[in-house]
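Let me begin by presenting the structure, written as structure tokens, before commenting on it.
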Amino acid sequence: MGFMAGKKALIVGVASERSIASGIADAFAREGCEIAFTYQNEKLLSRVQKLSERLGQDTDLLFPCDVTSDDQIDAVFEGLGKKWDGFDILVHSVGFAPREQLAGGFVESITREGFAISHDISAYSLAALAKAALPMMEGSNGAILTLTYNAALQVVPNYNVMGLAKASLESCVRFLAADLGPKGIRVNAISAGAVKTLAAAGISGFRKMLNYAEKASPLRRTVTIEEVGNTAAFLCSDLASGVTGETTFVDAGANIMGMVFDEDS
Ligand code: NAD
Ligand code: 0WE
């Protein structure tokens, strides 16, 4: 029996089989967790359907949800409430900034609109989903998990306004953890190293970043969505019952390095 047997999870953020959220779903299903999914729009429905089927989940538990819409967020929990009395785990694996925000200098690229959109979709959405999920999560040993990136803390070229949004997201994790702790709900983040997903495709210089991680991280490699999934399963299970408000790095150790020497110089 898996260590998540009897748990029910809602996973937000599957766009393809390479999504970090798909790695999380794999690990949850393997450990015996039942899973409902949302999908951003109709274009992504068939992908999410395939994943749900492959993992032997109930394909009626798929709900459309663009996180910029309060109505769609409310409709998710209304729909889910017809199938489940409550649930235990909410996974938020969503991030977006308009593409032009993620290239060039920080000052040059940032706009009021780019700031608003990136913070709305990448940070506010965690609070919005937690708020709407709360009535169905109360009374369980609940857990909420989000995905962040180290550019919240340290400057990464081109990540620009997304770094600010991730800083806000990490602070949101702490405020949620303090507020929901007394209700028995834990709230944590995983800070993942760079992984080649849809959100990374087409970002100029991404290959260079992966090459750098292979040279500069203590484990001399990048991380996989399976590794992020396994840590997610731990953090959302009762094995992590004493952990809340934390950001756990799954980055092959890259974040600990203060300076890195080129091996052949
Ligand atoms: P991905 O493209 O597979 O997932 C991003 C998800 O965000 C998609 O499912 C997309 O549908 C969803 N999304 C975007 N805008 C949305 C909206 N308005 N409403 C609802 N959903 C929306 O990429 P990923 O790399 O798996 O990203 C998942 C999370 O992991 C993001 O928060 C990302 O910042 C974070 N992260 C990624 C990496 C990486 O290198 N890939 C590293 C660290 C953290
Ligand atoms: O969080 C992310 C990706 C976030 C992301 C990606 C896109 C691409 C498509 C947000 N918005 C968009 N908008 C799009 O139109 N990562 C941690 C991966 C990532 O993205 C980077 C990185 C890394 C690492 C962007 C610039 C520099 C480094």
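Would you call Ala177 away from ligand 2 (no atom under 16 Å from the Cβ), surrounded by 21 or more Cβ atoms within 10 Å (Cβ to Cβ) and of a type outside the set (Ser, Thr, Tyr)? Walk me through how you get there before you give the answer.
Working: away from ligand 2 (no atom under 16 Å from the Cβ): yes; surrounded by 21 or more Cβ atoms within 10 Å (Cβ to Cβ): no; of a type outside the set (Ser, Thr, Tyr): yes.
No: the conditions fail for Ala177.
From (1) loosely packed, with under 15 Cβ neighbours inside 10 Å; (2) within 14 Å of ligand 1 (Cβ to nearest atom); (3) touching a residue at least 40 places away in the same chain (Cβ under 8 Å), pick out the condition that doesn't hold for Ala200.
Result: Ala200 passes all but (3).
List the number of the failed condition for Gly79; all other conditions in (1) loosely packed, with under 15 Cβ neighbours inside 10 Å; (2) of a type outside the set (A, V, I, L, M, F, W, C); (3) away from ligand 1 (no atom under 14 Å from the Cβ); (4) assigned to a helix (DSSP H, G or I) hold.
Among (1) loosely packed, with under 15 Cβ neighbours inside 10 Å; (2) of a type outside the set (A, V, I, L, M, F, W, C); (3) away from ligand 1 (no atom under 14 Å from the Cβ); (4) assigned to a helix (DSSP H, G or I), the lone unmet condition for Gly79 is (1).
Being more than 11 Å from ligand 1 (Cβ to nearest atom) and in a helix (DSSP H, G or I) is the filter here; which residues of the range 203-228 pass it?
Matches in the range 203-228: Arg207, Lys208, Asn211, Tyr212, Glu214, Lys215, Ala216, Glu226, Glu227.
For the range 40-50, enumerate the residues that are under 17 Å from Gly23 (Cα atoms) and more than 11 Å from ligand 1 (Cβ to nearest atom).
Gln49, Lys50
Go through (1) surrounded by 14 or more Cβ atoms within 10 Å (Cβ to Cβ); (2) within 24 Å of Phe206 (Cα to Cα) and name the single condition Cys33 misses.
(2)
Of the conditions (1) over 23 Å from Ser191 (Cα atoms); (2) in a helix (DSSP H, G or I), Asp85 clears all except one; give me its number.
Here Asp85 meets the rest and fails (2).
Restricting attention to the range 180-197, which residues are more than 16 Å from ligand 2 (Cβ to nearest atom) and surrounded by 19 or more Cβ atoms within 10 Å (Cβ to Cβ)?
First, pick out the residues of the range 180-197 that are more than 16 Å from ligand 2 (Cβ to nearest atom): 180-188.
Leu180, Ile185, Arg186, Val187, Asn188 - these are the residues of the range 180-197 that are more than 16 Å from ligand 2 (Cβ to nearest atom) and surrounded by 19 or more Cβ atoms within 10 Å (Cβ to Cβ).
Give Ser140, Ser171 a once-over and let me know the one that is under 25 Å from Gly23 (Cβ atoms), surrounded by fewer than 19 Cβ atoms within 10 Å (Cβ to Cβ) and more than 12 Å from ligand 2 (Cβ to nearest atom).
Details: Ser171 fails: under 25 Å from Gly23 (Cβ atoms).
The conditions single out Ser140.
Tell me, yes or no, whether the range 246-263 has at least one residue that is touching a Gly at 6+ places or on another chain (Cβ under 7 Å) and part of a loop (DSSP other than H, G, I, E, B).
Yes, the range 246-263 contains at least one residue that is touching a Gly at 6+ places or on another chain (Cβ under 7 Å) and part of a loop (DSSP other than H, G, I, E, B).
Going through the range 150-162 one residue at a time, which ones are more than 9 Å from ligand 2 (Cβ to nearest atom) and under 12 Å from Gly95 (Cα atoms)? Spell out how you get there, then give the answer.
Filtering the range 150-162 for residues more than 9 Å from ligand 2 (Cβ to nearest atom) gives 152-155, 161.
Within the range 150-162, Val161 is the sole residue that qualifies.
Where a number appears in this text, it was derived from the coordinates with a stated rule and is not lab data. Quick caveat, the model's predicted, so the values are computed rather than measured. When we count neighbours, we look across all protein chains shown, and the Cβ atoms used for this are built from the backbone with ideal geometry, even at glycine.
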